[in-house]
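**Q** One structure follows; several queries about it will come next.
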Amino acid sequence: MDNAAGFLIPLCLLLPVFFGLRKGIPIFSVFSQGAKEGLQNCLTILPTLIGLLTATSMLRASGAFELLSQLLQPVTDFLGIPSQVLPLALMKPFSGSGSTALLTDVFSTCGPDSFPGRVASVLAASSETTFYCIAVYFGAVNIQKTRHAVLCALLADVAAFAGSFLFVGLFFQNG
């Protein structure tokens, strides 16, 4: 199996070159043009990404996520939702690396096989970095007005949070 994998990657790289040469396509100039367009896209979305990452860092450093978690804790306690997962649910739409750090924190404090650890795992895998994706994809095609996309994406994140709690509770009987 390892030998087949060793041939698969070079084959995937060489097949497009082979078919391009066969059709008479100037491979290097097409590659250079694609690289140039990719670089232009990066430059187009860079200011948006810098703003998003700055805002996320400021929210995290200011303690806003922790404050919001403390404000929502009575509701999550009433519903039986593990409070350790709430900071992850609040961070995930903003930052993938920040939410990964919070996921690791849940694992180290509660354990990966605990109820909060399982809920955090399902939540991390089933939700998206909403604002990052909107910044990248809408910025790449130069869309200024997101209309209902942000609301729908955040509702999907809320559904992922509720679903992670409900399904882990259903399949693992709360612990």
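Any read-out appearing in this document is the output of simple, stated calculations on the displayed coordinates, not a laboratory observation. Everything quoted here is computed from the prediction, not taken from an experiment. FYI the Cβ positions are ideal-geometry reconstructions off the backbone, even for glycines, and counts take in every protein chain you see.
**Q** Quick one: which residue in Thr44, Thr56 is among the hydroxyl-bearing types (Ser, Thr, Tyr), part of a helix (DSSP H, G or I) and touching a Ser or Thr at 6+ places or on another chain (Cβ under 8 Å)? Step through it out loud before you land on a result.
**A** Working: Thr44 fails: touching a Ser or Thr at 6+ places or on another chain (Cβ under 8 Å).
Result: Thr56 is the single residue among Thr44, Thr56 that is among the hydroxyl-bearing types (Ser, Thr, Tyr), part of a helix (DSSP H, G or I) and touching a Ser or Thr at 6+ places or on another chain (Cβ under 8 Å).
**Q** Just one of the numbered conditions (1) without any contact (Cβ under 8 Å) to a residue 60 or more places away in the chain; (2) surrounded by 13 or more Cβ atoms within 10 Å (Cβ to Cβ); (3) assigned to a helix (DSSP H, G or I) is not true of Val136; which one?
**A** (1)
**Q** From the list Ala125, Ala101, Ala61, which residue is within 21 Å of the chain's Cα centre (by Cα), closer than 13 Å to Phe161 by Cα, without any contact (Cβ under 8 Å) to a residue 12 or more places away in the chain and surrounded by fewer than 19 Cβ atoms within 10 Å (Cβ to Cβ)?
**A** On the way: Ala101 fails: closer than 13 Å to Phe161 by Cα; Ala61 fails: closer than 13 Å to Phe161 by Cα.
Unique residue meeting the criteria: Ala125.
**Q** Please tell me if Val119 is surrounded by 20 or more Cβ atoms within 10 Å (Cβ to Cβ) and either out of contact with any strand residue (DSSP E or B) (no Cβ under 6 Å at 6 or more places or on another chain) or without any contact (Cβ under 8 Å) to a residue 40 or more places away in the chain (or both).
**A** Details: surrounded by 20 or more Cβ atoms within 10 Å (Cβ to Cβ): yes; either out of contact with any strand residue (DSSP E or B) (no Cβ under 6 Å at 6 or more places or on another chain) or without any contact (Cβ under 8 Å) to a residue 40 or more places away in the chain (or both): yes.
For Val119, the condition - surrounded by 20 or more Cβ atoms within 10 Å (Cβ to Cβ) and either out of contact with any strand residue (DSSP E or B) (no Cβ under 6 Å at 6 or more places or on another chain) or without any contact (Cβ under 8 Å) to a residue 40 or more places away in the chain (or both) - is met.
**Q** If you check every pair at least six apart or on different chains, which have Cβ atoms under 8 Å apart with a residue in the stretch 147-167 that is of a type in the set (Val, Ile, Thr) first and a residue that is surrounded by 14 or more Cβ atoms within 10 Å (Cβ to Cβ) second?
**A** Every condition considered, the pairs that remain are Val150/Thr130; Val150/Phe131; Val150/Ile134.
**Q** Of the conditions (1) surrounded by fewer than 17 Cβ atoms within 10 Å (Cβ to Cβ); (2) free of Cβ contacts under 8 Å to residues at least 60 places away in the same chain, Ser69 satisfies every one except a single condition; which number is it?
**A** Ser69 satisfies all of (1) surrounded by fewer than 17 Cβ atoms within 10 Å (Cβ to Cβ); (2) free of Cβ contacts under 8 Å to residues at least 60 places away in the same chain except (1).
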